[in-house]
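See below for the structure under consideration.
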Amino acid sequence: MKICVIGNSHVACLKQAYDEGGYDFEIDFFASAANTCEHVKNVEGNLAASSEFTKKSFALSSGGLDSIRLEAYDAIVVHGLFPYEMNLNNKYAAERSPTFYSKAVIDELDLARKSVAMKIASEIRKTSKRLVVCSARPYLARQADSKPGNYERRALLRDYMLTHPCIGLSSQKNIAVFFQPEETVVDATYTDPKYNQGAKRGDDRYPEFKNGDLVHMNSDYGHAYLRELSNLLPGNIRQSQAMSQNTGCHIR
Amino acid sequence: MTNPYSSLGPDKFWRTAVADRHFFDIEDIWTPKFSLTPDDKVITFGSCFAQHIGKALQANGYCWHVTERPPSGLPNPEKFGYNVFSSRTANIYTTSLLLQWAKWALSGEQPPEEAWEQSGRFYDPFRPKIENNGFASLDELMKSRAQAIRSFGEALTSANTFVFTLGLTESWLNQAGGYEYPMCPGTAAGTFNPSLHKFVNQDFATILENLRAAVALIRAANPKIRFIFTVSPVPLTATYTGRHVVVATMESKSVLRAVAGQITSDDDGMDYFPSYEIINSPVFKGIFFEPNQRNVSPHGVQFVMKNFFQCMQKRAGQTNAANTASGARSAEVCEEELLAAFAGDQK
């Protein structure tokens, strides 16, 4: 079993966890800062970086590979470049507003459809039918004064994300939305701060992020993520495939 | 020996009001008939220049009353015609268009069912650029139009001050239906039909009559509403009168200016704010125009609005005029400029 993880700085904690071992699948990482992963194109079955920066970042993070041979992998994970469910709140609210909004206006609020993850998935789908797993960056680490989120709202928007955006994606099939592991979540929309302590960057030296970064997580988070991910990988997803064959979406 | 002029203030004499001053120091150019407070709900509609007024009101702590808001989180709402005017009417260039919208919103008059289809997309003849790529379906267009009419009606009935900028005298009518388009069909969208679409350069009496009718309709629904009229200082993009565009512009603006003066002259609930003069008077040497001598620069907009708020604050008894913020940097949404695209077609 071999998978490919494409993403931004949030891939670092997955890489750390993977390096610490304990997994029966092989991972190649392709990381590039912020949203620079959007600079990729499918060239004859290879996902190739279309900017020098992304090309260098891919080579650095993968150990020398500057493009991604899609058929070499059983699944492709796109991490940190998809919105989390709460990001669809505006779209959800607009669709239910007493004020009429046109489809073009509502589509502007569809952060899933407009995400870098979906751009990458579209490039992958030009030649490959392999499973694509899209996941958001983690929720911010909770602080002492964080206002609690709303579990019900999150559940509602999770259902909404799994039904509505996936309808638009159904032509691409075999795309899974992967939500943050529940064990890492506190107060509905925060990450337990224990997963934030000692978070490091993903290069060989693993220097720590500057103090106060609430966004990046540590290898404990990476382990939680990879454990959940393994349940989605081919061979483990027959049940979810059967459940979602009408939409082409898998659910975690 | 005294005469009637001897008791007048310095702002009534050219030398003391203008010649002895740098033009940036000219002040008290307007004496508002009524004051505006942050609690007043002010709605703005009209021609392109009116777009700046709403944002400037908001930036200066006044209540710009918007009744058709974008959904939360919409990036660049102006692209979809939100936060441009108080509702999503797009530009209302003429007083006859104002009356047409007011009848739809307040009199229960049904708007025409006309819609323009192009390449599978649907365009609203009364707001042809409100969605740049048109609507996905006729049903969507009609629902959006109905929403704009409802929101326009809500604006008229819930505001206490209406700022309206008169923009054009030249108009295009549907002869069979007896209604008016904001843009000539075939420019922003639609197809021009010479046997159906008629050009009318409205005269003083017609414009005044339509404005009076619109005011009466609005006052019947909202007796407490006050009006501030302005005339857009922006020259015509194009004229269909047959005259040179400079001559047509001067005639058009002169007529609109005269209408604004006439209708506000004997009514304490209606005022005229001289944005037109601030930009166009020879006193200001045309410095507030961009190099194309048509678009008003952000500095010009800011200068106009600074005068608006200074005069308003003096009216309210405040001496310390604020540093005026304006929305002047935001791009103006002016469908009329589309006409410039047709300039190259002339041989």
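In region B:100-126, what residues are within 14 Å of chain A (Cβ to nearest Cβ) and buried (at least 16 other Cβ atoms within 10 Å of the Cβ)? Lay out the reasoning, then the answer.
First, the residues of region B:100-126 that are within 14 Å of chain A (Cβ to nearest Cβ): B:115, B:120-124.
Listed by number, the residues that qualify are B:ALA115, B:ARG121, B:PHE122, B:TYR123, B:ASP124.
Got at least one residue in region B:74-91 being basic (Lys, Arg), buried (at least 18 other Cβ atoms within 10 Å of the Cβ) and touching an Asp or Glu at 6+ places or on another chain (Cβ under 8 Å)? Quick ask: steps written out before the conclusion?
Kept after step one, since they are basic (Lys, Arg), are these residues of region B:74-91: B:79, B:88.
Filter once more, so that each one left must be buried (at least 18 other Cβ atoms within 10 Å of the Cβ): B:88.
Checking the rest, the ones that are also touching an Asp or Glu at 6+ places or on another chain (Cβ under 8 Å) come to B:88.
Checking region B:74-91: at least one residue is basic (Lys, Arg), buried (at least 18 other Cβ atoms within 10 Å of the Cβ) and touching an Asp or Glu at 6+ places or on another chain (Cβ under 8 Å).
Please go through region B:41-80 and give me each residue that is touching a Phe, Trp or Tyr at 6+ places or on another chain (Cβ under 7 Å) and aromatic (Phe, Trp, Tyr), ordered by number.
Once the filter is applied, which keeps residues that are touching a Phe, Trp or Tyr at 6+ places or on another chain (Cβ under 7 Å) and aromatic (Phe, Trp, Tyr), region B:41-80 yields only B:PHE45.
Tally up the residues in region A:20-35 that are closer than 21 Å to A:LEU232 by Cβ and either in a loop (DSSP other than H, G, I, E, B) or without any contact (Cβ under 8 Å) to a residue 40 or more places away in the chain (or both), please.
8
Are there any strands (runs of 3 or more DSSP E) wholly within region A:36-94 with 1 or more residues that are more than 14 Å from every other protein chain (Cβ to nearest Cβ), farther than 30 Å from B:PRO75 by Cα and free of Cβ contacts under 8 Å to residues at least 40 places away in the same chain, and if so which?
Numbers: elements: A:40-43, A:46-49, A:67-69, A:75-82.
Per the criteria, A:40-43, A:46-49, A:67-69.
Among B:GLY73, B:GLY61, which is free of Cβ contacts under 8 Å to residues at least 12 places away in the same chain and either among the acidic types (Asp, Glu) or farther than 23 Å from B:PRO233 by Cα (or both)?
Details: B:GLY61 fails: free of Cβ contacts under 8 Å to residues at least 12 places away in the same chain.
The conditions single out B:GLY73.
Where residues in region B:149-182 are of a type in the set (A, V, I, L, M) and more than 12 Å from chain A (Cβ to nearest Cβ), which of them is nearest to B:SER87 (Cα to Cα)? Please lay out each step first, then the result.
First, pick out the residues of region B:149-182 that are of a type in the set (A, V, I, L, M): B:149, B:155-156, B:159, B:163, B:166, B:168, B:173, B:176.
Still in the running and more than 12 Å from chain A (Cβ to nearest Cβ): B:155-156, B:159, B:163, B:166, B:168, B:173, B:176.
Numbers: B:ALA155: 7, B:LEU156: 10, B:ALA159: 12, B:VAL163: 13, B:LEU166: 17, B:LEU168: 20, B:LEU173: 23, B:ALA176: 28 Å.
The extreme case among them is B:ALA155.
Looking at region A:95-108 only, could you name the residues that are within 7 Å of chain B (Cβ to nearest Cβ) and assigned to a helix (DSSP H, G or I)?
Step one: list which residues in region A:95-108 are within 7 Å of chain B (Cβ to nearest Cβ), which gives A:97, A:99-105, A:108.
Those that are within 7 Å of chain B (Cβ to nearest Cβ) and assigned to a helix (DSSP H, G or I): A:LYS103, A:ALA104, A:VAL105, A:GLU108.
What number of residues within region B:127-143 satisfy the criterion of being more than 18 Å from B:THR44 (Cα to Cα) and either touching a residue at least 40 places away in the same chain (Cβ under 8 Å) or more than 9 Å from every other protein chain (Cβ to nearest Cβ) (or both)?
As a first pass, look at region B:127-143 and keep what is more than 18 Å from B:THR44 (Cα to Cα): B:128-129, B:131-143.
Narrowing further to those that are either touching a residue at least 40 places away in the same chain (Cβ under 8 Å) or more than 9 Å from every other protein chain (Cβ to nearest Cβ) (or both): B:128-129, B:131-132, B:134, B:138-139, B:142.
Qualifying residue count for the region: 8.
Yes/no per residue for (1) part of a loop (DSSP other than H, G, I, E, B); (2) touching a Ser or Thr at 6+ places or on another chain (Cβ under 6 Å); (3) away from chain A (no Cβ under 14 Å):
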| residue | (1), (2), (3) |
| --- | --- |
| B:GLN147 | no, no, no |
| B:ALA188 | yes, no, yes |
| B:THR191 | yes, no, yes |
| B:LEU211 | no, yes, yes |
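Considering only region B:232-256, how many residues are in contact with a helix residue (DSSP H, G or I) (Cβ under 8 Å, 6 or more places away or on another chain) and farther than 18 Å from B:ASN295 by Cβ?
First, pick out the residues of region B:232-256 that are in contact with a helix residue (DSSP H, G or I) (Cβ under 8 Å, 6 or more places away or on another chain): B:232-233, B:235-239, B:241, B:243, B:253, B:255-256.
Going one step further and asking which of them are farther than 18 Å from B:ASN295 by Cβ, we end up with B:241, B:243, B:255-256.
Of the residues in that region, 4 qualify.
For the list (1) more than 30 Å from A:ASP74 (Cα to Cα); (2) buried (at least 21 other Cβ atoms within 10 Å of the Cβ); (3) within 14 Å of chain B (Cβ to nearest Cβ), I need the number of the one condition that A:ALA141 fails.
(3)
Residue-wise test of (1) surrounded by fewer than 17 Cβ atoms within 10 Å (Cβ to Cβ); (2) in a helix (DSSP H, G or I); (3) at pLDDT 65 or above; (4) not small (Gly, Ala, Ser).
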position: B:ARG294; (1), (2), (3), (4): no, no, yes, yes
position: B:MET312; (1), (2), (3), (4): no, yes, yes, yes
position: B:ALA321; (1), (2), (3), (4): yes, no, no, no
position: B:THR324; (1), (2), (3), (4): no, no, no, yes
position: B:ALA328; (1), (2), (3), (4): no, no, no, no
position: B:GLU337; (1), (2), (3), (4): yes, yes, no, yes
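Six or more apart or on different chains, Cβ under 7 Å: which pairs go from a residue in region B:175-192 that's within 19 Å of B:SER119 (Cα to Cα) and without any contact (Cβ under 8 Å) to a residue 40 or more places away in the chain to one that's among the hydrophobic types (A, V, I, L, M, F, W, C) and part of a loop (DSSP other than H, G, I, E, B)? Could you list them?
Listed pairs, sorted by first residue: B:GLY186/B:PHE192; B:PHE192/B:CYS184.
For A:LEU81, are the conditions met, namely being modelled with pLDDT of 95 or more, surrounded by 18 or more Cβ atoms within 10 Å (Cβ to Cβ) and under 23 Å from A:PHE178 (Cβ atoms)?
Working: modelled with pLDDT of 95 or more: yes; surrounded by 18 or more Cβ atoms within 10 Å (Cβ to Cβ): yes; under 23 Å from A:PHE178 (Cβ atoms): yes.
The answer is yes for A:LEU81.
Count, please, the residues in region B:21-36 that happen to be touching a helix residue (DSSP H, G or I) at 6+ places or on another chain (Cβ under 9 Å) and either among the aliphatic types (A, V, I, L, M) or outside any helix (DSSP H, G or I) (or both). Walk me through it before giving the result.
Residues of region B:21-36 touching a helix residue (DSSP H, G or I) at 6+ places or on another chain (Cβ under 9 Å): B:23-24, B:26-36.
From the residues that got through so far, the ones that are either among the aliphatic types (A, V, I, L, M) or outside any helix (DSSP H, G or I) (or both) too are B:26-36.
Qualifying residue count for the region: 11.
Right, B:VAL234: assigned to a loop (DSSP other than H, G, I, E, B) and crowded, with 20+ Cβ neighbours inside 10 Å or not? Let's see the steps before the verdict.
Details: assigned to a loop (DSSP other than H, G, I, E, B): yes; crowded, with 20+ Cβ neighbours inside 10 Å: yes.
Answer is yes for this residue.
Being assigned to a helix (DSSP H, G or I) and more than 12 Å from every other protein chain (Cβ to nearest Cβ) is the filter; apply it to region B:58-80 and report the residue that is nearest to A:PRO83 (Cα to Cα).
B:GLU78
For region B:257-292, give me each residue that is in a helix (DSSP H, G or I), surrounded by fewer than 15 Cβ atoms within 10 Å (Cβ to Cβ) and in contact with a helix residue (DSSP H, G or I) (Cβ under 9 Å, 6 or more places away or on another chain).
If we filter region B:257-292 for residues that are in a helix (DSSP H, G or I), which is where we start, we get B:257-264, B:275-280, B:282-284.
Remaining after also requiring surrounded by fewer than 15 Cβ atoms within 10 Å (Cβ to Cβ): B:258, B:261, B:282.
Once the filter is applied, which keeps residues that are in a helix (DSSP H, G or I), surrounded by fewer than 15 Cβ atoms within 10 Å (Cβ to Cβ) and in contact with a helix residue (DSSP H, G or I) (Cβ under 9 Å, 6 or more places away or on another chain), region B:257-292 yields only B:ALA258.
The values are calculated or read from the model by the stated rules, or taken from the named source; none is laboratory data. On a predicted model such as this, the values are computed, not experimentally measured, just so you know. Cβ atoms come from the backbone with ideal geometry, glycine included; neighbour counts cover every protein chain shown.
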